[in-house]
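Asker: I am attaching a structure below and will ask some questions about it afterwards.
Each reported figure results from applying straightforward, stated rules to the coordinates on display, with no laboratory input. Every value quoted in this text rests on a predicted model; they were computed, and no experiment measured them. Please note: Cβ atoms are built from the backbone with ideal geometry, for glycine as well, and neighbour counts cover all protein chains shown.
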Amino acid sequence: MNRILASVLIVASLVFATLGNATYAQTTAKGAKVASSPASPLKLSLPVKEGSVRFAVIGDTGSGSDKQRQVADEMVQYRSVFPFDFVLMMGDNLYGSESAKDFQTKFSDVYKQLLDNNVKFYATLGNHDLPIQVNYQNFNMNGKEYYRFKKGNIAFYSLNSNYMDKKQVQWLETELAKDTSDWKIAFFHHPPYSSAAAHGSDEQLREVLEPIFVKYGMNVVLTGHDHVYERIKPQKGIYYFVSGAGGRLRTGDVKSSPFTEKSFDRDMHFMLWEAVGNNLYFQAISRTGETVDSGVIAKQKTK
Ligand SMILES: [Fe+2]
């Protein structure tokens, strides 16, 4: 009797799983495989306006772990309702060795479905990354440790926060001085503001960069390094984020701090971003599909 009941339950759960996946498959991006992890309902907090600039953010990904893959799967699922074109990487793109095989197991295999759908990745170098990464085609760094690129009305500045030397600072100032883009977003590895215990704020870096960001109207700064999510209360009019748990996590690492607006350190996550005119929308989503933060940034008034 018990055996019969068990069989019924197994069949029922298989049917349920199949139905669940079938429903999920309808919302999956063209050509994308259905994720093997359980489907969570997709809850989008972004407007998905025609012609908007849409992108994702991941940080500290390069572990090659199952959980990194689960975050990637969740990104694929969300891309079916939020078709983003590119992904910013906050550094620590490859932990440990960096052989051709590592580029595959810790990056291109993990994000295969996105790469196959022509999603472009733009990397920055973390403290675990060798400079050779600048020549890896899929990171779109074009041989440069720091670089600028434009998407619609947004200028992106990828900096190398491992070595914030005079040359790089001068380059940044020169570029910003002539930049008339509606939005300016910087991304690099070490956070000028962070409430995480493991690393916390890089105050030296803040001292160098913050005056430049203020002077030239940087709108948003995206970073990693601490394996958590944190949204910082605007500092001198600038919005700082820590998104360093795309492939590694430090559970419970965020300590209370006067500049924390919102934090999440219970699971890994990624972010989605959308620029619509003078508004910049964001959503942080956990590995299991939980929305852990969302909001909109109205373009700051620049001097
Ligand atoms: Fe790091």
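Asker: Could you give the length gained on full extension between Asp182 and Glu203, defined as 0.36 nm per residue of separation minus the Cα-Cα distance, in nm?
Answerer: Stretched fully, the Asp182-Glu203 segment lengthens by 4.8 nm.
Asker: Using Cβ contacts closer than 10 Å as the measure, can you line up Thr174, Thr260, Thr288 from fewest to most?
Answerer: Starting with the residue having the fewest Cβ neighbours, the order is Thr174, Thr288, Thr260.
Asker: Also, I was wondering about something else. Among the DSSP beta bridges whose two residues both lie in the chain, what percent are antiparallel, rounded to the nearest 5?
Answerer: In the chain, approximately 65 percent of DSSP beta bridges are antiparallel ones.
Asker: Continuing with this model, one more query. With just the Cα atoms defining each centre, how far is the stretch 163-186 from the stretch 265-287? Give it in Å.
Answerer: 24
Asker: Taking the beta-carbon count within 10 Å as an exposure proxy, list Leu88, Leu44 from fewest neighbours to most.
Answerer: Leu44, Leu88
Asker: Where a ≥ b ≥ c are the square roots of the eigenvalues of the C-alpha gyration tensor, would you call the chain rounded, which needs a/c under 1.5, or, failing that, prolate if a/b is larger than b/c, or oblate?
Answerer: prolate
Asker: Additional query: May I ask you to sort Ile132, Ile232, Ile154 by Cβ crowding, counting other Cβ atoms within 10 Å and putting the fewest first?
Answerer: With the sparsest Cβ surroundings first, the list reads Ile132, Ile154, Ile232.
Asker: Can you tell me the Rg and Dmax of the stretch 82-135, counting just the alpha carbons, in angstroms?
Answerer: So, for the stretch 82-135, Rg and Dmax equal 11.4, 34 Å respectively.
Asker: Given a cut-off of under 8 Å on Cα pairs at least six residues apart, what relative contact order in percent is computed for the chain?
Answerer: Relative CO of the chain lands at 19 percent.
Asker: For Tyr163 paired with Asn118, estimate the spin-label separation in nm (one decimal), with each label point 7 Å from Cα along the Cα-to-Cβ line.
Answerer: Calculated label separation equals 3.6 nm.
Asker: Still on this structure, please answer the following. Determine the sum of side-chain charges near Asp267: Lys and Arg each +1, Asp and Glu each -1, restricted to other residues whose C-beta is under 9 angstrom from that of Asp267.
Answerer: With Lys, Arg at +1 and Asp, Glu at -1, the net is +1.
Asker: So which of Lys43/Lys106; Lys144/Lys178; Lys144/Lys233; Lys167/Lys215 end up more than 22 Å apart, counting from Cα to Cα?
Answerer: Lys43/Lys106; Lys144/Lys233
Asker: Also, quick follow-up: So what is log10(I(q)/I(0)) for the stretch 133-217 at q = 0.14, 0.25 1/Å, when the Debye sum runs over its Cα atoms only?
Answerer: Here log10 of I(q) over I(0) equals -0.52, -1.33.
Asker: What does the charge count near Ile154 come to, summing +1 for each Lys or Arg and -1 for each Asp or Glu among other residues with Cβ under 15 Å from its Cβ?
Answerer: +3
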